[in-house]
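Participant: Structure in structure tokens, see below.
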Amino acid sequence: MTELLYGRNAVREALRAKRRTIKRLVVSNGVQETGIIAEIIKLAEQVGVPVQRVERQQLDKQLRDANHQGVMLETDEYPYVELEDCLAYAAERGEPPLLLLLDHLQDPQNIGTLLRTAEVVGVHGVAIPGRRAAEITPAVVNASSGATEHLRVVLVGNLAQTIATLQREGVWVVGLEDDEQAQDLDTADLNLPLALVVGAEGPGLARLVRERCDFLVRLPMAGQIASLNASVAGSITLYNAWRQRKKVAE
């Protein structure tokens, strides 16, 4: 199956990561071939990817008016991995696992934001349920600014079973939930072999997933709004976990 990636950062990172089979790069006529566009063309030429120039209207039509920024990359499907690959990667780096589990998030923008943060803080893997959730589509790749291309992402059939598997491997599973029993983020110890579970907008964590978590954390808030959006809250929590690890390492 062919996928059409779009957006300058997404296209550049797919070329840099070299994890997909790339068929061609398409550049819109009239786009200034300087800066990031020049870098994209150079990366494509270095790996022997054909570069085709077309009228912008052709890209608009093919990508259904997505904000393609004048570039499109024709590739194969996203290269998912297995859960054990993520744990092996952490072991190779000599680091306790740091994983992100997404509990039926559906909005590509929220998923993209979380995956961008995950890549920045060095998450070893991301697990996404294969049903009733947004998978790694071109829209998610674009929303993540191409961070997806550097991450190890697993499609799982049952998130609760995945949690049980991780716990058997010595990973603590922490759910992000505004719940009376949750620990405040600023006092929670996240310097652990850790999998953070972020729930969907609105319903939050599914009941069985919440019950399987070792403990819950929540973000303390001082304002009038009831809660933060999932991508913001998840990003803050991931960054906090990374900072705790970094402090101990120093």
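Participant: Counting only residues 5 or more places away or on other chains, whose amide H sits under 5 Å from the amide H of residue 154 once H atoms are built in the peptide plane?
Facilitator: Residues meeting the amide H criterion: 81, 126, 127, 128.
Participant: Mind grabbing the base-10 log of I(q)/I(0) for segment 134-173 at q = 0.18 Å⁻¹? Debye formula, identical points on the C-alpha positions, no solvent, two decimal places.
Facilitator: Ignoring solvent entirely, the Cα scatterers give -0.65.
Participant: Would you mind telling me the antiparallel percentage of the DSSP bridges in the chain, rounded to 5?
Facilitator: About 25 percent, rounded to the nearest 5.
Participant: Find, to one decimal place in angstroms, the Kirkwood hydrodynamic radius of segment 4-109, where the mean of 1/r is taken over every pair of different Cα atoms and then inverted.
Facilitator: 15.7
Participant: Just to check I understand the Karplus step: with θ = phi - 60° and J = 6.51 cos²θ - 1.76 cosθ + 1.60, what whole-Hz values come out for segment 115-125, glycine and proline as x?
Facilitator: So the J values, rounded to whole Hz, are 5, 5, 5, 4, 5, 4, 8, x, 4, 7, x.
Participant: With θ set to phi - 60° and the Karplus curve 6.51 cos²θ - 1.76 cosθ + 1.60, what are the ³J(HN,Hα) couplings of segment 207-219 in order, to the nearest whole Hz, using x for Gly and Pro?
Facilitator: Using θ = phi - 60°, the values come out as 3, 5, 5, 4, 5, 7, 5, 5, 7, 10, 10, 9, 8 Hz.
Participant: Find the all-direction average of the projected area of the Cα convex hull for segment 118-202, expressing the result in square nanometres with one decimal place.
Facilitator: The Cα convex hull of segment 118-202, projected and averaged over all directions, gives 6.7 nm².
Participant: How large is the accessible surface per residue of the chain, computed with a 1.4 Å probe and reported in Å² as a whole number?
Facilitator: Here the per-residue accessible area is 50 Å².
Participant: From the C-alpha coordinates alone, can you work out the Kirkwood hydrodynamic radius of segment 54-98, in Å?
Facilitator: Across segment 54-98, the inverse of the average 1/r is 13.9 Å.
Participant: Here's something else I'd like to know. Which of the peptides 185-198, 32-45 is most tightly packed, and how do the rest follow, going by the mean number of other Cβ atoms within 10 Å of each residue?
Facilitator: 185-198, 32-45
Participant: What percentage of the solvent-accessible surface of the chain, computed with a 1.4 Å probe over protein heavy atoms, is contributed by carbon and sulfur atoms?
Facilitator: 45
Participant: Expressed as a whole number of Å, what is the distance separating the alpha-carbon centroids of segment 142-157 and segment 170-201?
Facilitator: The distance from the Cα centre of segment 170-201 to that of segment 142-157 comes to 21 Å.
Participant: With an 8 Å Cα cut-off and a minimum separation of 6 or more residues, compute the relative contact order for segment 138-248 in percent.
Facilitator: Over segment 138-248, the number comes to 28 percent.
Participant: Cut-off under 24 Å on the C-alpha distance; same-chain residues fewer than 8 positions from residue 42 excluded. Which lysines are left, in chain and number order?
Facilitator: Answer for residue 42, where 24 Å is the Cα cut-off: 18, 23, listed by chain and number.
Participant: Residues with amide H under 5 Å of residue 137's amide H, sequence separation 5 or more or different chain, H placed in the peptide plane at 1.01 Å from N; which?
Facilitator: Those lying under 5 Å, H to H, from residue 137: there are none.
Participant: For segment 94-106, take each phi angle, set θ = phi - 60°, evaluate the Karplus expression 6.51 cos²θ - 1.76 cosθ + 1.60, and give the result in whole Hz per residue in order, putting x for glycine and proline.
Facilitator: Residue by residue, segment 94-106 yields x, 10, x, x, 10, 10, 10, 10, 9, 8, 6, 5, 10 Hz.
Participant: In nm, give the distance between the simple-model label positions of residue 228 and residue 16, each being 7 Å from the Cα along the Cα-to-Cβ direction.
Facilitator: Distance between the two pseudo-spin positions: 2.5 nm.
Participant: With a 10 Å radius around each residue's Cβ, average the other Cβ atoms per peptide and rank 112-124, 136-148, highest first.
Facilitator: 136-148, 112-124
Participant: While we're looking at this one, here's another question. Using label points projected 7 Å from each Cα along Cα→Cβ, tell me how many nm separate residue 208 and residue 65, to one decimal.
Facilitator: 4.1
Participant: Continuing with the same structure: Counting pairs of alpha carbon atoms under 8 Å apart in space and at least six apart in sequence, what relative contact order in percent does the chain give?
Facilitator: 20
Participant: Per the helix-only calculation at 222 nm, which mean residue ellipticity applies to the chain, given -39500 (n - 2.57) for every DSSP H run of n ≥ 4 and division by its residues, nearest 500 deg cm²/dmol?
Facilitator: Calculated from helices alone, the mean residue ellipticity at 222 nm is -11000 deg cm²/dmol.
Participant: May I ask for the equivalent-ellipsoid semi-axes of the chain, computed as the square root of five times each C-alpha gyration tensor eigenvalue and listed largest first in whole Å?
Facilitator: Over the Cα atoms of the chain, the semi-axes work out to 35, 19, 17 Å.
The values are calculated or read from the model by the stated rules, or taken from the named source; none is laboratory data. Model, not experiment: these values are computed from the prediction. Backbone-built Cβ (ideal geometry, glycine too); neighbour counts: all protein chains shown. These area figures cover heavy atoms from the full protein model, side chains too; ligands, DNA and RNA do not enter into them. Shrake-Rupley method; radii C 1.70, N 1.55, O 1.52, S 1.80 Å.
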